[in-house]
Amino acid sequence: MSARIIDGVALGKVIRQEVAAEAAALKARGITPGLAVVLVGENPASKAYVGSKEKACLEAGMHSVKVTRPAEITEAELLAIVDQLNTDPTIHGILVQLPLPKHINTERVLLRINPAKDVDGFHPVNVGKLVIGDPTALKPCTPWGVIQMLTRNGIDTKGAHAVVIGRSTIVGKPMANLLIQQGPGGDATVTVCHSRTKDLPAVVRSADIVIAAIGKAEFVTADMVRDGAVVIDVGINRVDDASLPKGYKLVGDVAYAEVAAKASAITPVPGGVGPMTIAMLLANTLQAVKQSS
Ligand code: NDP
């Protein structure tokens, strides 16, 4: 079998266009959706992510605010910025780019964000809403993007055995919670694997849908995947490649070529889940606007 490629660049573009159309309609009613991204320090990857988010926001016709502060900022100063954004009526979504410097308590900062503006979906109020199936939950962008990739590519999750590899707060756990919700994109039978799972290859081989969010380059090999499975690769890993000008390439958590030969559908890296994350951030901002007006 040769897998169908699930194209996250194309789908991300469609979602961003849908968001832009809705943002234009809101603007006509005098409401401009606004997203604030807070960047602390000089982490190059964080700077690049924040730049992409700002660009996507502007392209969708939204109001974008970027707050940058040096790594030496105190926690109290950062909390004051969050407080100010919480009460700013032109801002509907707030995202504090992680990781934060070690002297700042990340939990405390994320807890301070008004849950109604928590477009990353990391606040316990939104986590709780997601678990109980409350449709007003703002859902973490990466797993929510994976659900869009499945549903909009006609992949039925109902009754399917989905195996999620990874149990992080930002990907694995919300991914599993989304897949067990009732309704489209849910109703799956979900198994969550992690570093303590016994005989992980056997568990993954029993999956109709494999979702890899481990952070280990090409961890999922063809012998772990059954013929015809759908494989979603969330991983983004840098591996050295002296033949490239940059000296490295990006690969996922799945050994793409060999798994693509067995799977019925697969996401590439790059160009798979990655572009969906920003698209869902914009979609979440729109949801926050609609729920606030
Ligand atoms: P974390 O490091 O927070 O979590 C990794 C998970 O994988 C943990 O639950 C860990 O288990 C599990 N794990 C690690 N090694 C093994 C192993 N040998 N066998 C089984 N399970 C294992 O990573 P994230 O969830 O934040 O990210 C995962 C990947 O997704 C990364 O490559 C990251 O870059 C990428 N990512 C991509 C995004 C995108 O936009 N496409 C967004 C976010 C992340 P345990 O809990 O037991 O330690």
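Throughout, read-outs are computed from the coordinates displayed, never taken from laboratory work. Given the structure is predicted, the values throughout are model-derived calculations rather than measurements. Note: ideal-geometry Cβ built from the backbone for every residue, glycine included; neighbour counts use all protein chains shown.
Once the Cα atoms of helix 44-59 and of the chain are each reduced to a long axis, what angle between those two axes, in degrees from 0 to 90 to the nearest 10, is obtained?
So the inclination is approximately 70 degrees.
Can you give me the angle between helix 75-87 and the longest principal axis of the chain, using Cα atoms only, in degrees from 0 to 90, rounded to the nearest 10?
The angle comes out at about 80 degrees.
Can you work out the base-10 log of I(q)/I(0) for the range 114-248 at q = 0.20 1/Å, using the Debye formula on its C-alpha atoms alone?
One equal scatterer on each Cα of the range 114-248 leads to -1.15.
Enumerate the amide H contacts of residue 63 below 5 Å, restricted to partners 5 or more residues apart or on another chain; note that Pro and chain-start residues carry no placed amide H.
34, 35
How far apart, in nm, are two points set 7 Å out from the Cα along the Cα-to-Cβ line at residue 156 and at residue 168?
Using points 7 Å along Cα→Cβ, the separation is 3.3 nm.
Label the range 162-205 by shape, choosing from rounded, prolate and oblate, from the square roots a ≥ b ≥ c of the eigenvalues of the Cα gyration tensor; if a/c is under 1.5 it is rounded, and otherwise prolate applies when a/b is larger than b/c, oblate when it is not. Numbers along the way, then the final one.
Working: a/c = 3.50, a/b = 1.53, b/c = 2.28.
Here the range 162-205 falls in the oblate category.
What net charge do the residues around residue 286 carry, taking every other residue with its C-beta under 10 Å from that of residue 286, with Lys and Arg at +1 and Asp and Glu at -1?
Numbers: positive: 290; negative: 18, 22.
Net charge in that neighbourhood comes out at -1.
Using Cα pairs under 8 angstrom and six or more residues apart, how large is the relative contact order of the chain, in percent? All intermediate terms of the calculation are to be shown ahead of the outcome.
Working: 610 pairs, mean separation 65.7, N = 293.
Relative contact order, the chain: 22 percent.
Which angle from 0 to 90°, rounded to the nearest 10, does the C-alpha axis of helix 8-28 make with the longest principal axis of the chain?
Helix 8-28 and the main axis of the chain meet at about 30 degrees.
What lysines could a cross-link reach from residue 47, if we take a straight Cα to Cα line under 16 Å and drop same-chain neighbours fewer than 8 places away?
Those lysines meeting the cut-off are 55, 66.
Say each of residue 187 and residue 291 gets a label point 7 Å from the Cα, pointing the same way as Cα to Cβ; how far apart are those two points in nm?
2.4 nm
Let's test the formula: R0 of 51 Å, r as the Cβ-Cβ distance of residue 223 and residue 24. What FRET efficiency results, to the nearest 0.05?
Values: r = 49 Å, r/R0 = 0.97.
Using R0 = 51 Å, I get an efficiency of 0.55.
Please identify, among 276, 62, 224, the residue showing maximal mean-square fluctuation in a Gaussian network model of the chain using a 10 angstrom Cα cutoff.
224
Using θ = phi - 60° and the Karplus form 6.51 cos²θ - 1.76 cosθ + 1.60, what ³J(HN,Hα) does each residue of the range 240-255 get, whole Hz, x for Gly and Pro?
Residue by residue, the range 240-255 yields 4, 8, 5, 6, 9, x, 6, x, 8, 10, 9, 10, x, 8, 10, 6 Hz.
Could you work out [θ]222 nm for the chain from helices alone, using -39500 (n - 2.57) per DSSP H run of at least four and dividing by all its residues? Round to the nearest 500 deg cm²/dmol.
Details: 10 runs with 116 residues, N = 293.
So the helix-based figure for the chain works out to -12000 deg cm²/dmol.
Where a Cα-Cα gap under 18 Å defines reach, which aspartates and glutamates qualify for residue 158, not counting those fewer than 8 residues away within the same chain?
Straight-distance partners of residue 158: 187, 208.
Over 27 Å between Cα atoms, which of 129/290; 102/290; 102/216; 216/246; 198/246; 173/216 qualify?
Details: 129/290 17 Å; 102/290 35 Å; 102/216 24 Å; 216/246 20 Å; 198/246 38 Å; 173/216 18 Å.
From 129/290; 102/290; 102/216; 216/246; 198/246; 173/216, over 27 Å: 102/290; 198/246.
Calculate how many DSSP beta bridges within the chain are antiparallel, expressed in % of all such bridges and rounded to the nearest 5. Please list the in-between numbers first.
Details: 4 of 34 bridges.
So the antiparallel bridges in the chain amount to around 10 percent.
So what are the ³J(HN,Hα) numbers for the range 123-130, from phi and the Karplus equation (6.51, -1.76, 1.60; θ = phi - 60°), rounded to whole Hz, Gly and Pro as x?
5, x, 5, 6, 4, x, 4, 4
Within the range 1-45, name every residue whose backbone N is under 19 Å away from a label modeled 7 Å from Cα of residue 69 along the Cβ vector.
Counting backbone N atoms under 19 Å from the label point, the list is 35-44.
How do 100-112, 227-239 rank on mean C-beta neighbours within 10 Å, highest first? Before the final figure, lay out the partial values.
Working: 100-112: 15.3, 227-239: 21.0.
Ranked by mean Cβ neighbours within 10 Å, highest first: 227-239, 100-112.
Work through the residues other than residue 26 whose Cβ is under 14 Å from its Cβ and net out their charges, Lys, Arg +1 and Asp, Glu -1. Please report the intermediate quantities before stating the final value.
Details: positive: 27, 29, 290; negative: 18, 22.
Value of the local net charge: +1.
Amide H of residue 96 versus every other amide H placed in the peptide plane: which residues, excluding those fewer than 5 positions away on the same chain, fall under 5 Å?
Here the answer is 38, since their amide H atoms fall under 5 Å of that of residue 96.
What list of ³J(HN,Hα) couplings, whole Hz, do you get for the range 203-219 from phi and the Karplus terms 6.51, -1.76, 1.60, once you set θ to phi - 60° and write x for glycine and proline?
5, 5, 5, 8, 8, 7, 10, 10, 10, 9, 9, 10, x, 10, 4, 6, 5
Quick check: residue separation of residue 80 and residue 239 times 0.36 nm, minus the Cα distance between them. What number comes out in nm? Display every interim value, and only then the final one.
Values: separation 159, 0.36 × 159 = 57.24 nm, distance 3.92 nm.
Between residue 80 and residue 239, full extension yields an extra 53.3 nm.
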